[in-house]
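To keep things clear, I will list the structure first and then write my remarks on it.
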């Protein structure tokens, strides 16, 4: 499989982030934790975000040092390797408190690249 260029990987991250935002819009943790299908969908998209973040070039990561590349990649590893023990509270925290900022930073970078 040929290596995807950074721009496409960044778009993958944004698309997965948008899906997660749509899935979790207007719900609270108590609803999220009871919805296995939603949890599965969110976890899958977090895995995609983490995998794409691993493949982004070092130069792009350095230009966008405020993005939590390493944490996204590490969280993907936790999700993949500890799938029986995924803590829904941590997934929710990532979705609510970390992902939106990273997505916004990536959007700003791509917008600046288009100009």
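Among the residues that make up segment 24-31, is at least one of them buried (at least 18 other Cβ atoms within 10 Å of the Cβ), in contact with a helix residue (DSSP H, G or I) (Cβ under 8 Å, 6 or more places away or on another chain) and closer than 20 Å to residue 80 by Cα?
no
Mind checking which residues of segment 22-47 are over 20 Å from residue 101 (Cβ atoms) and assigned to a helix (DSSP H, G or I)?
Matches in segment 22-47: 30, 31, 36, 37, 38, 39, 40, 41, 44.
May I ask you to list pairs of residues, at least six apart or on different chains, whose Cβ atoms are under 7 Å apart, with the first in segment 32-61 being at negative phi and the second being surrounded by fewer than 19 Cβ atoms within 10 Å (Cβ to Cβ) and outside any helix (DSSP H, G or I)?
What qualifies is 43/86; 55/4.
Does residue 93 count as assigned to a helix (DSSP H, G or I), surrounded by 13 or more Cβ atoms within 10 Å (Cβ to Cβ) and without any contact (Cβ under 8 Å) to a residue 12 or more places away in the chain?
Judged against the criteria, residue 93 is a match.
If you scan segment 60-90, which residues turn out to be within 14 Å of residue 102 (Cα to Cα) and outside any helix (DSSP H, G or I)?
Result: 64, 65, 66, 67, 68.
Looking only at segment 72-81, decide whether some residue is exposed (fewer than 11 other Cβ atoms within 10 Å of the Cβ), more than 15 Å from the chain's Cα centre (by Cα), over 22 Å from residue 6 (Cβ atoms) and modelled with pLDDT under 95.
The answer is yes, given that some residue of segment 72-81 is exposed (fewer than 11 other Cβ atoms within 10 Å of the Cβ), more than 15 Å from the chain's Cα centre (by Cα), over 22 Å from residue 6 (Cβ atoms) and modelled with pLDDT under 95.
Please go through (1) surrounded by 12 or more Cβ atoms within 10 Å (Cβ to Cβ); (2) part of a helix (DSSP H, G or I) for residue 111 and return the number of the only condition it doesn't satisfy.
It fails just one condition, (1).
Conditions first: (1) at pLDDT 95 or above; (2) buried (at least 17 other Cβ atoms within 10 Å of the Cβ); (3) closer than 17 Å to residue 102 by Cβ. Residue 19 passes all but one, so which condition is the exception?
(2)
The values are calculated or read from the model by the stated rules, or taken from the named source; none is laboratory data. Bear in mind the structure is a predicted one, so any value in this text is a computation, not a measurement. Counting neighbours? That spans all protein chains shown, and the Cβs are built from the backbone with ideal geometry, glycine included.
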